[in-house]
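Reading through the structure tokens given below for one structure.
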Amino acid sequence: MAEEDVRSYADERRRILVELERERKQFVRNVEACRIRDIDRTFIGEWSLKDIIAHVASWEAEVVTAFRELREGKQPGIFKFDRSRLDEWNQDHVERMSEVNFYGVMERLHGNRHRLLGELAHVDDESVGAEGAPHNRLLRSVIDHDRDHWRQIAAKLAGMAGVRRDAPAPPPIQPQRAS
């Protein structure tokens with residue numbers, strides 16, 4: 001591998017890490033801008049603010065698991081996810097956290113990010129920076145997922161009916177097809 005490629009992957013890794021942090025900070029800022037009553041009341045769709053945070057935390061936990069599976073040489077289960085079960089999966093995981101209080105859900109959100117960054121420490125720059133590489137796709141999905149949900153919260157706070165999507169909804173991550 002050329003020295004220029006190595007530098008390029010390292011630069012891309014740094015960009016991804018900055019974007020990962022920026023999108024999560026914006027998500028948390030938007031959560032913090034909400035009213036206390038939105039924590040347990042229906043806020044967007046059928047979900048409360050706590051449900052949305054639980055949902056984001058659950059998907060990030062799946063990405064952490066995928067990182068571990070990749071490190072162990074396994075094909076991540078998230079790449080085989082049946083999209084027809086998406087709503088059912090989301091509802092099931094949100095319901096699993098229904099008894100956890102708001103601060104506990106926020107703790108899980110922060111804890112999952114900490115675990116993701118820990119897993120990321122085991123991954124080389126090329127795997128993170130190369131477009132289309134499994135780790136890169138997983139990280140991009142987390143970035144997009146945070147962005148999607150902070151935009152929904154921002155739209156709700158602004159009294160808007162919805163949010164314009166830049167791209168398809170992030171998780172689950174589908175395997176990339178060979179060309």
Inset, instruction - Would you please list the contacts, defined by Cβ atoms under 8 Å and residues six or more apart or on different chains, that run from a residue in the range 34-49 that is farther than 21 Å from GLU88 by Cα to a residue that is polar (S, T, N, Q) and assigned to a loop (DSSP other than H, G, I, E, B)? - result: ASP38/SER48; ILE39/SER48
Inset, instruction - Provide a single number: the residues in the range 107-123 that are of a type in the set (Asp, Glu) and free of Cβ contacts under 8 Å to residues at least 40 places away in the same chain. - result: 1
Legend entry - When residues of the range 74-95 are limited to those that are in contact (Cβ under 8 Å) with a residue 40 or more places away in the chain and of a type in the set (D, E, K, R), the one farthest from ASP40 (Cα to Cα): LYS80
Inset, instruction - Within the range 101-154, track down each residue that is surrounded by fewer than 16 Cβ atoms within 10 Å (Cβ to Cβ) and either at pLDDT below 95 or part of a loop (DSSP other than H, G, I, E, B) (or both). - result: ASN101, ALA121, HIS122, ASP124, GLU131, GLY132
Legend entry - Index of the failed condition, VAL28 passing every other in (1) closer than 20 Å to ASP148 by Cα; (2) in contact with a helix residue (DSSP H, G or I) (Cβ under 6 Å, 6 or more places away or on another chain); (3) modelled with pLDDT of 95 or more: (2)
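The values are calculated or read from the model by the stated rules, or taken from the named source; none is laboratory data. Quantities reported herein were computed from a predicted structural model and do not represent experimental measurements. Cβ coordinates were reconstructed from backbone atoms using ideal geometry, including for glycine residues, and neighbour counts include every protein chain displayed.
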